[in-house]
Amino acid sequence: MIQNLIFDLDRTLYPADTKMSEDISYRIKRFASEFWGLDFEEGARQRAEAVKEYGTTLDWLVTAGGFADIEAYFAAIHPADECSGLYETPALRPLLQSLPQKKMILTNSPYEHADRVLKFLGVRDLFDSICDIRANNLKGKPAASAFNKALEMCGGSLEDSIFLDDAEGYTDGWARLGGTAVLVCPEGKRLHTPGLPGKTYWIKDIYALPSLLEKL
């Protein structure tokens, strides 16, 4: 029986086509490009390749480049006014309220970003906890340690918890541990990832979750 729902935040709880998502992506690429002394396009290209190996841009900067000013990075990527690029989704709260399971956020962003966005969306009180990048010692998804920390925080297990994310690399990370993951994205995806002990299901958006849960 599913008792815990572990949600990614960005582009999972709200649509991917928001200006905030675009702005975050731009700021990350710009920061990385400036750090490495590259023009924007080359920096963005190298970042895309590096994330495949390191999981997050921050881990790439820290591990490969010796970057140390973590709080400056968070402040640059997630300014206080970032929600100006996000629009309200009034159907989200009723959806989450209809789900009896415990809910938490697992994000590669800092706590203040998740808290800010959840409050803007009007659903902060519906989440018991936020497992952010600091709680994971800056090693975010898809590192196994990040998923295990989320399970520890919610008191769940791979057997009674489901993880939802818009990034296939992250849902694969959860399925690699043997858990059940849900890929949330508009384009159709395979329902099971070959070669992994867990399972991956696909829904086009978060509002299709209740129907999926009825089948599991």
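Derivation of every value follows stated rules applied to the coordinates shown; laboratory data play no part. Since the structure is predicted, the reported quantities are computational estimates derived from the model, not experimental observations. All Cβ positions, glycine included, derive from the backbone under ideal geometry; neighbour counts span all protein chains shown.
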Self-check item: For the range 90-216: rounded, prolate or oblate by the Cα gyration tensor [a/c cutoff 1.5]
Solution: oblate
Quiz prompt | Mean shadow area of the range 1-78 over all directions, Cα convex hull, nm² | solution = 6.8 nm²
Self-check item: Entries of Lys139/Lys204; Lys119/Lys141; Lys119/Lys199; Lys52/Lys141; Lys103/Lys149; Lys29/Lys119 with Cα pairs more than 20 Å apart
Solution: Lys139/Lys204; Lys119/Lys141; Lys119/Lys199; Lys29/Lys119
Quiz item: In Å and whole numbers, how far do the C-alpha atoms of the range 37-153 stretch along each principal axis, longest first?
Solution: 47, 33, 23
Quiz item: Given Cα pairs under 8 Å that are at least 6 residues apart, what percent is the relative contact order of the range 41-140?
Solution: 28 percent
Quiz item: If you put +1 on each Lys and Arg Cβ and -1 on each Asp and Glu Cβ, how big is the dipole of the range 1-155 around its Cα centre, in Debye rounded to 20?
Solution: 480 debye
Quiz item: How much FRET efficiency would the formula 1/(1 + (r/R0)^6) give for Lys204 and Leu99, where r is the Cβ-Cβ distance and R0 is 22 Å, rounded to 0.05?
Solution: 0.80
Practice problem: With label points built 7 Å along Cα→Cβ from the Cα atoms of Ala72 and Tyr26, find their separation and express it in nm. | Solution: 2.3 nm
Exercise. Give, rounded to the nearest 20 debye, the magnitude of the charge dipole that the range 92-154 has about its Cα centre when Lys and Arg contribute +1 at Cβ and Asp and Glu contribute -1 at Cβ.
Key: 100 debye
Quiz item: In nm, to one decimal, how far is the Ser157 label point from the Gln46 one, both placed 7 Å along Cα→Cβ?
Solution: 4.6 nm
Quiz item: Considering the zone a paramagnetic label at Glu88 would reach in this model (a point 7 Å from Cα along the Cα-to-Cβ line), which residues of the range 108-150 have amide N under 11 Å from it?
Solution: 121-122
Quiz item: Given q = 0.11, 0.12, 0.16, 0.17 Å⁻¹, what are the Debye log10 I(q)/I(0) values for the chain, with equal point scatterers placed on the Cα positions and solvent ignored?
Solution: -0.52, -0.62, -1.13, -1.27
Quiz item: In percent, how large is the relative contact order of the range 59-214, given Cα pairs closer than 8 Å and 6 or more residues apart?
Solution: 14 percent
Quiz prompt | Proximal aspartates and glutamates to Lys215, defined as alpha-carbon separation beneath 18 angstrom and excluding residues fewer than eight positions away on the same chain | solution = Glu159, Asp160, Asp205
Quiz item: How far, in nm, would the chain grow between Glu112 and Asp17 when pulled straight, counting 0.36 nm per residue and subtracting the alpha carbon separation?
Solution: 32.0 nm
